[in-house]
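Following: one structure in C-alpha coordinates, then a few remarks.
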Amino acid sequence: MISHLRPAAVIFTALTLVCGIVYPYVVTGFGRVAYADRAAGGFVSRDGKVVGARLIGQQFTSPGYFWGRPSATAPAPYNGAGSGGSNQGPTNPALADAVKARIAALRSADPGNTSPVPVDLVTASASGLDPDISLAAAGYQASRVARARGIAPTTVQALVERHAERPMFGFLGEPKVNVLALNSALDAL
(Lines give C-alpha, C1' and ligand atoms only; values in the text may rest on other atoms or scores of the structure.)
Protein backbone atom coordinates (compact mmCIF):
# COMPACT_ATOMS: atom_id res chain seq x y z
CA MET A 1 0.00 0.00 0.00
CA ILE A 2 2.83 2.39 0.85
CA SER A 3 4.34 1.60 -2.53
CA HIS A 4 1.20 3.12 -4.11
CA LEU A 5 0.99 6.15 -1.83
CA ARG A 6 4.58 7.27 -2.26
CA PRO A 7 4.36 7.89 -6.07
CA ALA A 8 0.99 9.61 -5.60
CA ALA A 9 2.45 11.91 -2.92
CA VAL A 10 5.49 12.71 -5.08
CA ILE A 11 3.31 13.50 -8.11
CA PHE A 12 0.94 15.58 -5.96
CA THR A 13 3.85 17.58 -4.50
CA ALA A 14 5.52 18.07 -7.90
CA LEU A 15 2.30 19.22 -9.58
CA THR A 16 1.52 21.54 -6.66
CA LEU A 17 4.95 23.16 -6.99
CA VAL A 18 4.79 23.43 -10.79
CA CYS A 19 1.13 24.46 -11.18
CA GLY A 20 0.69 26.34 -7.92
CA ILE A 21 3.98 28.21 -7.61
CA VAL A 22 6.29 28.04 -10.64
CA TYR A 23 3.69 28.60 -13.39
CA PRO A 24 1.91 31.56 -11.69
CA TYR A 25 5.25 33.30 -11.03
CA VAL A 26 6.43 32.78 -14.62
CA VAL A 27 3.16 34.09 -16.10
CA THR A 28 3.09 37.05 -13.68
CA GLY A 29 6.71 37.88 -14.45
CA PHE A 30 6.08 37.73 -18.18
CA GLY A 31 3.03 39.97 -17.79
CA ARG A 32 4.97 42.54 -15.79
CA VAL A 33 7.75 42.65 -18.37
CA ALA A 34 5.69 42.49 -21.59
CA TYR A 35 2.64 44.44 -20.38
CA ALA A 36 3.96 46.49 -17.47
CA ASP A 37 1.17 49.09 -17.43
CA ARG A 38 -1.68 46.61 -17.71
CA ALA A 39 -0.21 44.13 -15.24
CA ALA A 40 -0.02 46.93 -12.66
CA GLY A 41 -3.71 47.77 -13.15
CA GLY A 42 -3.43 50.59 -15.68
CA PHE A 43 -3.76 53.31 -13.05
CA VAL A 44 -3.96 56.90 -14.26
CA SER A 45 -2.46 59.58 -12.01
CA ARG A 46 -2.84 63.33 -12.03
CA ASP A 47 -0.63 65.49 -9.82
CA GLY A 48 0.63 62.36 -8.03
CA LYS A 49 -2.90 61.20 -7.16
CA VAL A 50 -4.58 58.16 -8.73
CA VAL A 51 -7.77 59.29 -10.49
CA GLY A 52 -8.82 55.99 -12.02
CA ALA A 53 -7.84 52.84 -13.84
CA ARG A 54 -7.52 52.72 -17.61
CA LEU A 55 -8.77 49.11 -17.65
CA ILE A 56 -12.02 49.62 -15.70
CA GLY A 57 -14.89 51.87 -16.75
CA GLN A 58 -16.02 54.58 -14.39
CA GLN A 59 -18.96 56.92 -14.28
CA PHE A 60 -18.83 60.43 -15.72
CA THR A 61 -22.01 62.48 -15.50
CA SER A 62 -20.90 66.06 -16.15
CA PRO A 63 -21.80 67.39 -19.62
CA GLY A 64 -18.18 68.51 -20.00
CA TYR A 65 -16.95 64.91 -20.02
CA PHE A 66 -17.39 62.00 -22.38
CA TRP A 67 -19.69 59.36 -20.90
CA GLY A 68 -18.79 55.70 -21.06
CA ARG A 69 -20.89 52.63 -21.48
CA PRO A 70 -23.57 52.00 -18.88
CA SER A 71 -22.62 49.60 -16.12
CA ALA A 72 -24.54 46.45 -15.22
CA THR A 73 -22.52 45.61 -12.11
CA ALA A 74 -24.18 44.92 -8.79
CA PRO A 75 -24.88 46.10 -6.17
CA ALA A 76 -23.69 49.50 -7.46
CA PRO A 77 -22.75 50.73 -10.94
CA TYR A 78 -19.07 50.55 -11.95
CA ASN A 79 -18.28 48.21 -9.05
CA GLY A 80 -15.07 46.40 -9.98
CA ALA A 81 -15.75 43.68 -7.41
CA GLY A 82 -19.17 42.93 -8.92
CA SER A 83 -18.23 42.47 -12.56
CA GLY A 84 -20.88 40.84 -14.67
CA GLY A 85 -23.53 41.60 -17.23
CA SER A 86 -27.23 42.02 -16.62
CA ASN A 87 -28.04 38.82 -18.54
CA GLN A 88 -31.08 40.57 -20.00
CA GLY A 89 -31.90 39.37 -23.49
CA PRO A 90 -33.11 41.57 -26.36
CA THR A 91 -36.76 40.67 -25.72
CA ASN A 92 -36.61 41.49 -22.01
CA PRO A 93 -38.92 44.47 -21.23
CA ALA A 94 -36.56 45.66 -18.47
CA LEU A 95 -33.72 45.99 -20.99
CA ALA A 96 -35.97 47.84 -23.45
CA ASP A 97 -37.07 50.25 -20.70
CA ALA A 98 -33.46 50.83 -19.59
CA VAL A 99 -32.36 51.55 -23.17
CA LYS A 100 -35.26 53.98 -23.69
CA ALA A 101 -34.37 55.80 -20.45
CA ARG A 102 -30.69 56.03 -21.48
CA ILE A 103 -31.62 57.39 -24.91
CA ALA A 104 -33.89 59.98 -23.27
CA ALA A 105 -31.06 61.03 -20.92
CA LEU A 106 -28.64 61.43 -23.85
CA ARG A 107 -31.21 63.41 -25.84
CA SER A 108 -31.97 65.72 -22.89
CA ALA A 109 -28.24 66.34 -22.30
CA ASP A 110 -27.82 67.40 -25.95
CA PRO A 111 -31.26 68.35 -27.36
CA GLY A 112 -29.88 69.68 -30.65
CA ASN A 113 -28.21 66.39 -31.53
CA THR A 114 -30.51 64.46 -33.86
CA SER A 115 -27.93 61.81 -34.85
CA PRO A 116 -28.75 58.19 -34.10
CA VAL A 117 -27.54 57.21 -30.63
CA PRO A 118 -24.71 54.65 -30.85
CA VAL A 119 -25.65 51.34 -29.27
CA ASP A 120 -22.65 51.27 -26.91
CA LEU A 121 -23.95 54.39 -25.12
CA VAL A 122 -27.19 52.67 -24.14
CA THR A 123 -26.19 49.02 -23.54
CA ALA A 124 -23.79 47.57 -20.99
CA SER A 125 -20.91 45.32 -21.92
CA ALA A 126 -20.62 41.71 -20.80
CA SER A 127 -18.43 42.67 -17.85
CA GLY A 128 -20.37 45.83 -17.05
CA LEU A 129 -17.04 47.65 -16.73
CA ASP A 130 -15.98 48.40 -20.30
CA PRO A 131 -13.59 51.37 -20.23
CA ASP A 132 -13.83 52.11 -23.97
CA ILE A 133 -16.43 53.53 -26.32
CA SER A 134 -16.62 53.40 -30.09
CA LEU A 135 -15.49 56.33 -32.20
CA ALA A 136 -19.15 56.80 -33.18
CA ALA A 137 -20.08 57.16 -29.49
CA ALA A 138 -17.30 59.69 -28.96
CA GLY A 139 -18.35 61.58 -32.09
CA TYR A 140 -21.95 61.64 -30.89
CA GLN A 141 -20.88 63.34 -27.65
CA ALA A 142 -18.22 65.70 -29.05
CA SER A 143 -20.52 68.70 -29.63
CA ARG A 144 -21.99 68.48 -26.11
CA VAL A 145 -18.53 68.28 -24.53
CA ALA A 146 -17.23 71.18 -26.65
CA ARG A 147 -20.23 73.36 -25.78
CA ALA A 148 -19.99 72.56 -22.04
CA ARG A 149 -16.27 73.37 -21.99
CA GLY A 150 -16.49 76.39 -24.27
CA ILE A 151 -14.01 75.05 -26.82
CA ALA A 152 -14.25 74.46 -30.54
CA PRO A 153 -15.86 71.17 -31.64
CA THR A 154 -12.93 70.62 -34.03
CA THR A 155 -10.55 70.70 -31.03
CA VAL A 156 -12.58 68.03 -29.26
CA GLN A 157 -12.85 65.89 -32.40
CA ALA A 158 -9.08 66.17 -32.96
CA LEU A 159 -8.54 65.01 -29.37
CA VAL A 160 -10.78 62.00 -30.01
CA GLU A 161 -8.79 61.14 -33.14
CA ARG A 162 -5.49 61.50 -31.27
CA HIS A 163 -6.65 59.06 -28.59
CA ALA A 164 -8.31 56.59 -30.95
CA GLU A 165 -7.07 53.01 -30.71
CA ARG A 166 -7.21 51.24 -34.06
CA PRO A 167 -7.91 47.51 -34.53
CA MET A 168 -4.99 45.18 -33.85
CA PHE A 169 -3.25 44.24 -37.10
CA GLY A 170 -5.76 46.49 -38.87
CA PHE A 171 -8.65 44.03 -38.65
CA LEU A 172 -9.00 42.54 -35.13
CA GLY A 173 -11.58 44.50 -33.19
CA GLU A 174 -13.21 47.86 -33.71
CA PRO A 175 -11.74 51.36 -33.45
CA LYS A 176 -12.29 52.67 -29.93
CA VAL A 177 -11.25 55.32 -27.45
CA ASN A 178 -10.59 54.98 -23.72
CA VAL A 179 -13.00 57.27 -21.85
CA LEU A 180 -10.72 57.98 -18.87
CA ALA A 181 -7.73 58.79 -21.09
CA LEU A 182 -9.89 61.05 -23.27
CA ASN A 183 -11.38 62.89 -20.29
CA SER A 184 -7.93 63.27 -18.72
CA ALA A 185 -6.68 64.81 -21.97
CA LEU A 186 -9.65 67.19 -21.93
CA ASP A 187 -8.72 68.29 -18.42
CA ALA A 188 -5.14 68.87 -19.56
CA LEU A 189 -6.20 71.34 -22.29
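The values are calculated or read from the model by the stated rules, or taken from the named source; none is laboratory data. Since the model is a prediction, treat every value here as computed from it, not as a measurement. Because the Cβ atoms are built from the backbone with ideal geometry, glycine has one as well, and the counts that use them run over all protein chains shown.
Under the condition of being loosely packed, with under 15 Cβ neighbours inside 10 Å and aliphatic (A, V, I, L, M), which residue from segment 110-147 is nearest to the chain's Cα centre (by Cα)?
Ala126
Can you pull out the residues in segment 85-100 that are in a helix (DSSP H, G or I) and surrounded by 12 or more Cβ atoms within 10 Å (Cβ to Cβ)?
Those that are in a helix (DSSP H, G or I) and surrounded by 12 or more Cβ atoms within 10 Å (Cβ to Cβ): Leu95, Ala96, Ala98, Val99.
Could you list, ordered by first residue, the pairs with Cβ atoms under 6 Å in which the first is in segment 101-125 and assigned by TED's automatic domain parsing to the domain that holds Tyr65 and closer than 18 Å to Gln59 by Cα and the second is outside any loop (DSSP other than H, G, I, E, B) and of a type in the set (A, V, I, L, M), at least 6 apart or interchain?
Matching pairs, first to second residue: Pro118/Ala136; Pro118/Ala137; Asp120/Ile133; Asp120/Ala137; Leu121/Ala137; Val122/Val99; Val122/Ile103.
Quick one: in segment 33-59, which of the residues that are basic (Lys, Arg) and more than 26 Å from Ala126 (Cα to Cα) is surrounded by the most Cβ atoms within 10 Å (Cβ to Cβ)?
This residue is Arg46.
Going by the conditions given, is Ala81 part of a loop (DSSP other than H, G, I, E, B), more than 12 Å from Asp130 (Cβ to Cβ) and of a type outside the set (S, T, N, Q)?
When the stated conditions are applied, Ala81 does not pass them.
Tell me which residues, restricted to segment 32-51, are more than 21 Å from Asp130 (Cβ to Cβ) and without any contact (Cβ under 8 Å) to a residue 24 or more places away in the chain.
Once the filter is applied, which keeps residues that are more than 21 Å from Asp130 (Cβ to Cβ) and without any contact (Cβ under 8 Å) to a residue 24 or more places away in the chain, segment 32-51 yields Arg32, Val33, Ala34, Ala36, Ser45, Asp47, Gly48, Lys49.
Pairs needed: first member in segment 12-26, within 22 Å of Ala39 (Cα to Cα); second member anywhere, in a helix (DSSP H, G or I) and of a type in the set (Asp, Glu); C-beta distance under 8 Å; at least 6 residues apart or different chains.
none
How do the helices (runs of 4 or more DSSP H) wholly within segment 1-71 filter down when requiring 2 or more residues that are under 20 Å from the mean Cα position of the chain (by Cα): which remain?
Fully inside segment 1-71 and qualifying: 36-39.
Residue check: is Ala148 assigned by TED's automatic domain parsing to the domain that holds Pro75 and under 27 Å from Ala76 (Cα atoms)?
no
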